[in-house]
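J.: Below: one structure in structure tokens.
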Amino acid sequence: MLDKYEILKNYRGPIDLKDLDYETLKKLADEVRDYIIQVTSKNGGHVGPSLGVVELTIALLRVFNPPEDIIVWDIGHQGYPWKILTDRKEQFPTLRQYKGISGFLRREESIYDAFGAGHSSTSISAALGFRLGKDLKGEKENYVIAVIGDGALTAGMAYEALNNAGHLRPDRFIVILNDNEMSISPNVGAISTYLNKIISGHFVQETRQKIKRFLQHFGETPLRIMKLTEEFLKGIISPGVLFEELGFNYIGPIDGHDLPALEETLKNVKDIEGPVLLHIYTKKGKGYKPAEENPVKWHGVAPYKIESGEIIKKSSPPTWTSVFGKALVELAEMDEKIVAITPAMREGSGLVEFAKKFPDRFFDVGIAEQHACTFAAGLAAEGLRPVAAYYSTFLQRAYDQVIHDVALQNLPVTFAIDRAGLVGDDGPTHHGVFDLSYLRCIPNMVVCAPKDEQELRDLLYTGIYSGKPFALRYPRGSAYGVPTEGFNKIEIGTWEELLEGEDAVILAVGYPVYQAMKAAEKLLKEGIKVGVVNARFVKPMDERMLEELARKYDLFITVEDNTVIGGFGSGVLEFFARKGIMKRVINLGVPDRFIEHGKQDILRNLVGIDAGSIERVVREALLGKSFV
């Protein structure tokens, strides 16, 4: 694939960038964009963010010297140009594939990936840690740069870090605000570019520092007057007052696609005393028309046709996400007290239709998972019926609020937890394999998972009207195509016996229920009779049924798409221990390690929760063989 590119095919690494002229660099940028499009059209991925930072990546690698200088990219979903232009040009076609390179930045993958992340707003905190660590070790000559998007500045953690950095005022510490939406400031253009050349130039900055040092001899009052005058003048032409008040030297905004201007500004800010915030504007999806026209859709996509931008879809049943979204709209049409909250996941959580139909009852709070939870608690305390829609991996960020603000006060917030279990290509930062464990231990919390689409609807209905903190988790991807109609209330804490057996019983939760049924059907052909129970409530469990099952079976197999430590299977063992019931119990689930990225079917087989794995474990257990 690389042979088609004139410059990229012979590119050896960042050292090559130092000697290229701007005309050649522009051609290289075009080739990098095309390479990203070619690979993501086959593999899917975060197209828009990566296409938007090609020039920024080139400028950073020309002006600074990583890995000695530290570059921390927030989240890392804009890291494809970084991978290509550092040391993974040849490996890039394996992006997001099983045993290939990650869709995010990872320390284990490259010496250039200083800090890994898949959740937003961590970059400034991490970069500040690098900066102070280098200072304490006497390595003051190196630079530390954090690159963060404007969307990530909706999270409180970013401001905690800015506040701390502004207080510590470290030198050679730069935060680049990559503004690729319209959320901060519109003033980009020739005048703004000219002003920023002046503001960031050596003469102005050296004069500024000299005046400050001179005025220090006369006390605080002259310095304060200088500061107020400077803020007033900056406030007229830029949005930088907030960052200046936090202790940063604000520069910007500048065009993040103007490579010469970007490079000149980066060179200038290297010599500014104290922390610097450089505000740049970029365009998501730059260089690929479909991504430029619809940046939300192209933030992260499945494989697509390059010519049209059409997503390549396989014929499949509705997704779990769409089933949830449709059900919530239906319920909201019947009950005006139902409201929906999401932390910047309107599309991902299936709430687009809800937002259109009920704009006054829909709240996207930005990347603010903690706030979303406590906000929902406040709505519940006022008598509304809030449904807080999270990805499982992002709910982890609101754990204290789930305990302190919802469960402790026993407020009826329904948590709709999408992407539970192994999510696939996004890998360990996004696998939702801990929620059963971290929610099961919280008092007052109801925790459940549906076996299919109708049960998802019924459990959602049950949760909204339960009057309790209620967590409903379901997986990513296509559901089973089960017909759906209406809503039925399910008694909380009840299980469902789907198949009677004699030799063993499988207790399955959520996605693995149908896998257990397939395994039981195959085993029956061999004369092995295995029972299957849909253990839809992880908390409270159906203890009465569990005691009845214990009178009938000696071998229990629990299956969950959650870590086996502290999960559903652990709950079964705890119950048996408490009751003094001696049974053989095999827990199947995610082992005690982080699972890599790859297609869901591959990963489910890898950890042993698909039909074939369940079948093998049951057979070998009954035959007395060892298994892993």
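J.: What residue, of VAL323, VAL352, is touching a helix residue (DSSP H, G or I) at 6+ places or on another chain (Cβ under 6 Å), of a type in the set (A, V, I, L, M, F, W, C) and farther than 23 Å from ALA381 by Cα?
T.: The match here is VAL323.
J.: Please go through (1) charged (D, E, K, R); (2) at pLDDT 95 or above; (3) within 26 Å of GLY300 (Cβ to Cβ) for ASP425 and return the number of the only condition it doesn't satisfy.
T.: Here ASP425 clears every test but (2).
J.: Let me ask you something else. Among the listed residues GLU547, GLU596, GLU521, identify the single one that is surrounded by fewer than 23 Cβ atoms within 10 Å (Cβ to Cβ), closer than 28 Å to VAL482 by Cβ and of a type in the set (Asp, Glu). Reasoning before the result, please.
T.: Values: GLU547 fails: closer than 28 Å to VAL482 by Cβ; GLU596 fails: closer than 28 Å to VAL482 by Cβ.
From the options GLU547, GLU596, GLU521, the qualifying one is GLU521.
J.: Residue check: is PHE130 in contact with a helix residue (DSSP H, G or I) (Cβ under 6 Å, 6 or more places away or on another chain) and of a type in the set (A, V, I, L, M, F, W, C)?
T.: no
J.: Mind telling me which of the residues ALA398, ALA449, ALA471 ends up being modelled with pLDDT of 95 or more and over 22 Å from ALA535 (Cβ atoms)?
T.: ALA398
J.: Is it fair to say GLN409 is closer than 22 Å to ARG385 by Cβ, of a type in the set (S, T, N, Q), in contact with a helix residue (DSSP H, G or I) (Cβ under 8 Å, 6 or more places away or on another chain) and surrounded by fewer than 22 Cβ atoms within 10 Å (Cβ to Cβ)?
T.: yes
J.: Okay, next question. Looking at (1) modelled with pLDDT under 95; (2) in a strand (DSSP E or B); (3) not charged (D, E, K, R), can you tell me which one GLY481 breaks?
T.: (2)
J.: Please work out which residue is surrounded by the fewest Cβ atoms within 10 Å (Cβ to Cβ), limiting yourself to the range 132-154 and to residues that are over 19 Å from GLU273 (Cβ atoms) and of a type in the set (Val, Ile, Thr).
T.: THR154
J.: Take GLY235 and decide whether it is at pLDDT below 90 and in a strand (DSSP E or B).
T.: For GLY235, the condition - at pLDDT below 90 and in a strand (DSSP E or B) - is not met.
J.: Within the range 570-590, can you find the residues that are among the small types (Gly, Ala, Ser) and closer than 21 Å to ASP418 by Cα?
T.: Once the filter is applied, which keeps residues that are among the small types (Gly, Ala, Ser) and closer than 21 Å to ASP418 by Cα, the range 570-590 yields only GLY589.
J.: Keeping to the range 255-265, report how many residues are buried (at least 24 other Cβ atoms within 10 Å of the Cβ) and either among the hydrophobic types (A, V, I, L, M, F, W, C) or in a strand (DSSP E or B) (or both).
T.: Going through the range 255-265 one residue at a time, the tally reaches 1.
J.: Take the residues in the range 551-569 that are β-branched (Val, Ile, Thr) and under 27 Å from the mean Cα position of the chain (by Cα), then tell me which one is nearest to GLY421 (Cα to Cα).
T.: THR563
J.: Another question, then. Across the range 266-284, which residue is nearest to the chain's Cα centre (by Cα) among those that are part of a helix (DSSP H, G or I) and under 16 Å from ILE71 (Cβ atoms)?
T.: The extreme case among them is LEU266.
J.: Moving on to the next point. Just checking, does the range 176-190 include any residue being part of a helix (DSSP H, G or I) and modelled with pLDDT under 95?
T.: The answer is yes, given that some residue of the range 176-190 is part of a helix (DSSP H, G or I) and modelled with pLDDT under 95.
J.: Then there's this: Quick one: count up the residues across the range 559-580 that are more than 24 Å from ASP610 (Cβ to Cβ) and buried (at least 16 other Cβ atoms within 10 Å of the Cβ). Steps first, please.
T.: Start the filter on the range 559-580 by keeping residues that are more than 24 Å from ASP610 (Cβ to Cβ), which leaves 574-580.
With the extra rule that they be buried (at least 16 other Cβ atoms within 10 Å of the Cβ), the set shrinks to 576.
Summing the residues that are more than 24 Å from ASP610 (Cβ to Cβ) and buried (at least 16 other Cβ atoms within 10 Å of the Cβ) in the range 559-580 gives 1.
J.: Against the definition (surrounded by fewer than 16 Cβ atoms within 10 Å (Cβ to Cβ), in contact (Cβ under 8 Å) with a residue 12 or more places away in the chain, over 30 Å from GLY240 (Cβ atoms) and under 22 Å from the mean Cα position of the chain (by Cα)), how does ALA302 come out, yes or no? Before you say what the answer is, go through the steps one by one.
T.: Details: surrounded by fewer than 16 Cβ atoms within 10 Å (Cβ to Cβ): yes; in contact (Cβ under 8 Å) with a residue 12 or more places away in the chain: yes; over 30 Å from GLY240 (Cβ atoms): yes; under 22 Å from the mean Cα position of the chain (by Cα): yes.
Taking the combined requirement at face value, the residue satisfies it.
J.: Right, something else. All but one of (1) in contact (Cβ under 8 Å) with a residue 40 or more places away in the chain; (2) surrounded by 16 or more Cβ atoms within 10 Å (Cβ to Cβ); (3) charged (D, E, K, R) hold for LYS337; which doesn't?
T.: Status for LYS337: all satisfied but (2).
J.: Go through the residues of the range 286-293 one by one and say whether even a single one is closer than 30 Å to ASN249 by Cα and either in the same structural domain as ALA59 (by TED's automatic domain parsing) or part of a loop (DSSP other than H, G, I, E, B) (or both).
T.: Among the residues of the range 286-293, at least one is closer than 30 Å to ASN249 by Cα and either in the same structural domain as ALA59 (by TED's automatic domain parsing) or part of a loop (DSSP other than H, G, I, E, B) (or both), which makes the answer yes.
J.: Taking the range 306-329 as the search range and keeping residues that are surrounded by fewer than 14 Cβ atoms within 10 Å (Cβ to Cβ), of a type outside the set (Val, Ile, Thr) and without any contact (Cβ under 8 Å) to a residue 24 or more places away in the chain, which one is farthest from LYS489 (Cα to Cα)?
T.: GLU307
J.: Mind listing whichever residues of the range 475-503 are hydroxyl-bearing (Ser, Thr, Tyr), touching a residue at least 60 places away in the same chain (Cβ under 8 Å) and farther than 17 Å from LEU328 by Cα?
T.: SER478, TYR480
J.: Could you look through the range 363-388, keep only residues that are among the aliphatic types (A, V, I, L, M) and under 14 Å from the mean Cα position of the chain (by Cα), and pick out the one that is farthest from GLY348 (Cα to Cα)?
T.: Out of the qualifying residues, it is ALA368.
J.: Moving on to the next point. Check the range 439-447 and report whether any residue there is closer than 21 Å to LEU351 by Cα and out of contact with any strand residue (DSSP E or B) (no Cβ under 6 Å at 6 or more places or on another chain).
T.: Restricting attention to the range 439-447, the residues satisfying the condition of being closer than 21 Å to LEU351 by Cα are none.
No, the range 439-447 contains no residue that is closer than 21 Å to LEU351 by Cα and out of contact with any strand residue (DSSP E or B) (no Cβ under 6 Å at 6 or more places or on another chain).
J.: Let me ask something additional. Has the range 331-344 got any residue that is assigned to a loop (DSSP other than H, G, I, E, B), under 24 Å from LYS42 (Cβ atoms) and under 24 Å from the mean Cα position of the chain (by Cα)?
T.: Applying the first criterion (assigned to a loop (DSSP other than H, G, I, E, B)) to the range 331-344 yields 335-337, 343-344.
Still in the running and under 24 Å from LYS42 (Cβ atoms): none.
Checked against the condition, which is being assigned to a loop (DSSP other than H, G, I, E, B), under 24 Å from LYS42 (Cβ atoms) and under 24 Å from the mean Cα position of the chain (by Cα), the range 331-344 yields no hits at all.
J.: Among the residues of the range 353-368, what is the count of those that are assigned to a helix (DSSP H, G or I) and of a type in the set (Phe, Trp, Tyr)?
T.: Qualifying residue count, the range 353-368: 1.
J.: Just for the range 366-414: of the residues that are aromatic (Phe, Trp, Tyr) and out of contact with any Lys or Arg (no Cβ under 8 Å at 6 or more places or on another chain), which one is farthest from ILE602 (Cα to Cα)?
T.: Restricting to residues being aromatic (Phe, Trp, Tyr) and out of contact with any Lys or Arg (no Cβ under 8 Å at 6 or more places or on another chain), the top hit is PHE375.
J.: Also, I was wondering about something else. Six or more apart or on different chains, Cβ atoms under 7 Å: show the pairs whose first residue is in the range 539-558 and not assigned by TED's automatic domain parsing to the domain that holds ASP503 and whose second is at pLDDT 95 or above and not in a helix (DSSP H, G or I).
T.: none
J.: For the range 90-111, state whether one or more residues are under 24 Å from GLY166 (Cβ atoms), outside the structural domain of PHE594 (by TED's automatic domain parsing), small (Gly, Ala, Ser) and surrounded by 16 or more Cβ atoms within 10 Å (Cβ to Cβ).
T.: Looking through the range 90-111, none of the residues is under 24 Å from GLY166 (Cβ atoms), outside the structural domain of PHE594 (by TED's automatic domain parsing), small (Gly, Ala, Ser) and surrounded by 16 or more Cβ atoms within 10 Å (Cβ to Cβ).
J.: For the range 536-628, which helices (runs of 4 or more DSSP H) that fit wholly inside it have 2 or more residues that are out of contact with any Lys or Arg (no Cβ under 9 Å at 6 or more places or on another chain) and under 23 Å from GLY493 (Cβ atoms)?
T.: 543-552, 568-579
The values are calculated or read from the model by the stated rules, or taken from the named source; none is laboratory data. For clarity, every value in this text was computed on a predicted model and none was experimentally measured. No Cβ is skipped: glycine too gets one built from the backbone with ideal geometry, and neighbour counts run over all protein chains shown.
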